[in-house]
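**Q** My structure is below; once you've seen it, I'll send some questions.
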Amino acid sequence: MPRKLAAGNWKMNGLRASLEELKTLEKRHDDASVDILICPPATLISACKDMLFDIGGQDCHSATSGAHTGDISADMLADAGASHVLTGHSERRTDHGEDDATIAAKSLAAYAADLTAVICIGETLEERENGSTLAVIDTQLAGSVPDAATAQNTVIAYEPVWAIGTGKVPTLDQIGEVHAHIRQRLTDRFSDGGAMRILYGGSVKGSNAADIFAVPDVDGALVGGASLKADDFSPIIAALEKA
Ligand code: 13P
């Protein structure tokens, strides 16, 4: 089985002074038994490249280079020191109108640059309430995960949109249902789908991490707010190590 993964998505947060948090985290977890990935803003990637953690971008363009002002290619992320990139985060889907085809193209660009794509999927509150969660997951998996995905180049992150930054977390049964469903779809489609890591994301904290990590097919977490401070992220890493 692949190692579990504790991933932090800093979103549009973090200045150079914030690197102190990572140095603290590094001292506390220098012999971690789980993988640790930090996705800082792109401006901090090169400053993080020598750290013990894996470093990821939060988005990439589907093209390698060209006239796309303000965008960053997967090659550029790799050149700056990243080994991973998030694709299809719900904030990209909402703020930038990214659809599944765009996300698949970005994930392919990530593979071409030897980056692991952390492909994010998840339903909105409306979709949860009208009972279409698993159908939405199916559409997103089919449309945003390329056929070339493997357990090495891809991590799936299940992030219910309504749980992101809200303090609301699905019940453990709800998390278990979606993760089991994703696992089934991955094993149906990919020969190594059983080894592809599936992260849960959405209001993960030190106080709920152990319960979430005990759910079958939860291979780690994608953490937003609680990844910004070493004191908040550290208990989540510790809980994953014990899971
Ligand atoms: P929060 O942990 O702040 O809810 O964010 C989750 C997330 O969107 C990580 O990508």
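The values are calculated or read from the model by the stated rules, or taken from the named source; none is laboratory data. Note that the structure is predicted; figures quoted are calculated from it, not measured. Cβ: placed from backbone, ideal geometry, glycine included. Neighbour counts: every protein chain shown.
**Q** From the set of residues in segment 82-98 that are under 16 Å from the mean Cα position of the chain (by Cα) and away from the ligand (no atom under 11 Å from the Cβ), which is surrounded by the fewest Cβ atoms within 10 Å (Cβ to Cβ)?
**A** So the residue we want is Ser83.
**Q** Select from segment 30-58 the residues that are of a type in the set (D, E, K, R) and buried (at least 16 other Cβ atoms within 10 Å of the Cβ) and write down the one among them that is nearest to Asp192 (Cα to Cα).
**A** Among them, the one singled out is Asp35.
**Q** State yes or no: is Lys242 in contact (Cβ under 8 Å) with a residue 12 or more places away in the chain, of a type in the set (D, E, K, R) and over 23 Å from Gly14 (Cβ atoms)?
**A** Taking the combined requirement at face value, the residue satisfies it.
**Q** Would it be correct to say that Lys27 is surrounded by fewer than 16 Cβ atoms within 10 Å (Cβ to Cβ), in contact with a helix residue (DSSP H, G or I) (Cβ under 8 Å, 6 or more places away or on another chain) and without any contact (Cβ under 8 Å) to a residue 60 or more places away in the chain?
**A** no
**Q** Going by what's in this entry, would Asp31 be described as under 26 Å from Arg183 (Cα atoms) and away from the ligand (no atom under 13 Å from the Cβ)?
**A** The answer is no for Asp31.
**Q** Counting just the residues of segment 123-146 that are out of contact with any helix residue (DSSP H, G or I) (no Cβ under 8 Å at 6 or more places or on another chain) and assigned to a loop (DSSP other than H, G, I, E, B), which one comes out surrounded by the fewest Cβ atoms within 10 Å (Cβ to Cβ)?
**A** Gly131
**Q** Any chance you could count how many residues in segment 171-219 are crowded, with 16+ Cβ neighbours inside 10 Å, more than 12 Å from the ligand (Cβ to nearest atom) and not in a helix (DSSP H, G or I)?
**A** Residues that pass the stated criteria total 8.
**Q** Okay, moving on. Checking the conditions here, which among Gly70, Gly66, Gly88, Gly14 is in contact with a Ser or Thr (Cβ under 7 Å, 6 or more places away or on another chain) and of a type in the set (Gly, Ala, Ser)? Steps first, please.
**A** Numbers: Gly70 fails: in contact with a Ser or Thr (Cβ under 7 Å, 6 or more places away or on another chain); Gly66 fails: in contact with a Ser or Thr (Cβ under 7 Å, 6 or more places away or on another chain); Gly14 fails: in contact with a Ser or Thr (Cβ under 7 Å, 6 or more places away or on another chain).
Residue meeting the stated conditions: Gly88.
**Q** Could we say that Asp114 is surrounded by fewer than 18 Cβ atoms within 10 Å (Cβ to Cβ) and at pLDDT 95 or above here?
**A** For Asp114, the condition - surrounded by fewer than 18 Cβ atoms within 10 Å (Cβ to Cβ) and at pLDDT 95 or above - is met.
**Q** Which residues, counting only those in segment 149-164, are in contact with a Phe, Trp or Tyr (Cβ under 7 Å, 6 or more places away or on another chain) and within 13 Å of the ligand (Cβ to nearest atom)?
**A** Passing the criteria: only Tyr158.
**Q** Criterion first (within 20 Å of His84 (Cβ to Cβ), within 14 Å of the ligand (Cβ to nearest atom) and in contact (Cβ under 8 Å) with a residue 12 or more places away in the chain) does Ala226 satisfy it?
**A** Taking the combined requirement at face value, the residue satisfies it.
**Q** Next up: Would you say Leu108 is closer than 22 Å to Ala142 by Cα, modelled with pLDDT of 95 or more, touching a His at 6+ places or on another chain (Cβ under 9 Å) and not small (Gly, Ala, Ser)?
**A** no
**Q** State the number of residues belonging to segment 111-143 that are away from the ligand (no atom under 15 Å from the Cβ), within 14 Å of the chain's Cα centre (by Cα) and either more than 22 Å from Arg3 (Cβ to Cβ) or aromatic (Phe, Trp, Tyr) (or both).
**A** Counting residues in segment 111-143 that are away from the ligand (no atom under 15 Å from the Cβ), within 14 Å of the chain's Cα centre (by Cα) and either more than 22 Å from Arg3 (Cβ to Cβ) or aromatic (Phe, Trp, Tyr) (or both) gives 0.
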